[in-house]
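In what follows, a single structure is set out as structure tokens and then discussed.
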Amino acid sequence: MLRNTENSWGAPAKAFHWIMAALILAQIGLGWTAASWRLSPLKLNLFVWHKSLGVLILALVAFRVLWRLGNPAPGLPADTPRWERRAAGLSHGLLYALMIAMPVTGWIINSAANVPFSVFWLVPLPAIVGPSKAVEHLAALAHVTLFVLLALALVAHIGAALRHHYIKRNNVLARMLPGKATNP
């Protein structure tokens, strides 16, 4: 099943979800490791991987949003309270915003630091701001703040999925699992 239905996510939506989840988890590990590693060629390579995956995530978010515009999300269970529907919509909107803002602030940090960068060592990425220590510092502060927000949003997202599965016992989590086609 390619397209989303009223009751289930299509294969492309599931693929976007799980690939991006894996990339975001990799980003957390790479970013943390690269930032704390001593200055060395390995540290520089870790940052190239971190920045490259960030650009990949930014591109995938664009494709994911385009896919989502043509494939509305399955509905929530009928007994879902209004406050929970609003919270779900707001949290998903926040996750999308963070998946865009994190790579953009990283790109600004790199540009303001005046560090030449090529995605996966192959494709040069143009600077989006001029060299500026002040802008670099502000963007780095924003990047870390956004990371904290992303971590909190992910905990809430995962917690909500587990709540739906184990406490409410509905199919909200099951319908996003790879290979699963669910009925209402």
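Quick query: amide H of Val119 versus all other amide H atoms, modeled in the peptide plane; which residues come in under 5 Å with a sequence gap of 5 or more or a different chain?
Leu125
Taking 20 °C and 1.002 mPa s as the conditions, I'd like the Stokes-Einstein D for the range 121-176 in µm²/s, using the Kirkwood hydrodynamic radius from alpha carbon pairs.
146 µm²/s
Would you mind checking the tilt of helix 133-162 against the longest principal axis of the Cα atoms of the chain, expressed as 0 to 90 degrees and rounded to 10?
That helix lies at roughly 20 degrees to the long axis.
Mind checking which of Gly93, Thr145, Val104 is farthest towards the positive end of the range 67-184's charge dipole, using Cβ charges of +1 (Lys, Arg) and -1 (Asp, Glu) about the Cα centre?
Gly93
For the range 70-144 and the range 1-33, what is the separation of their Cα centres, given in Å?
Result: 15 Å between the Cα centres.
Restrict the search to the range 30-72; then list the trypsin sites (Lys or Arg not before Pro) that DSSP places in a loop and that have at most 16 other Cβ atoms within 10 Å of their Cβ.
Arg38
Mean separation of Cα pairs under 8 Å and 6+ residues apart, divided by the residue count of the range 83-155: what relative contact order is that in percent?
Normalised by residue count, the contact order of the range 83-155 is 36 percent.
So how many Lys-Lys pairs in the chain land under 25 Å Cα to Cα, not counting same-chain pairs under 8 apart?
So the count works out to 7.
Put +1 on the Cβ of each Lys and Arg and -1 on the Cβ of each Asp and Glu in the range 11-176; which of Gly159, Ala134, Pro81 then has its Cα farthest toward the positive end of the dipole?
Final value for the positive-end residue is Pro81.
Counting only helical runs of four or more DSSP H residues, what would the 222 nm mean residue ellipticity of the chain come to if each run contributes -39,500 (n - 2.57) and the total is spread over all its residues?
-23000 deg cm²/dmol
Explain nothing, just the number: relative contact order of the chain, from Cα pairs under 8 Å at least 6 residues apart, as a whole percent.
Relative contact order for the chain comes out at 25 percent.
Quote the charge dipole size of the range 1-119 about the Cα centre in Debye, to the nearest 20; the model charges only the Cβ of Lys and Arg (+1) and of Asp and Glu (-1).
Using Cβ point charges on Lys, Arg, Asp and Glu, the range 1-119 gives about 140 debye.
Once the principal axes of the Cα atoms of the chain are found, what is the range along each, listed largest first in whole angstroms?
The Cα atoms of the chain stretch 53, 30, 27 Å along the principal axes, largest first.
The numbers here are math on the coordinates, done by the rules we state, and not lab data. Being a predicted model, the structure only gives us computed values, none of them experimental. Glycine also receives a Cβ, built like all others from the backbone with ideal geometry; neighbour counts cover every protein chain displayed.
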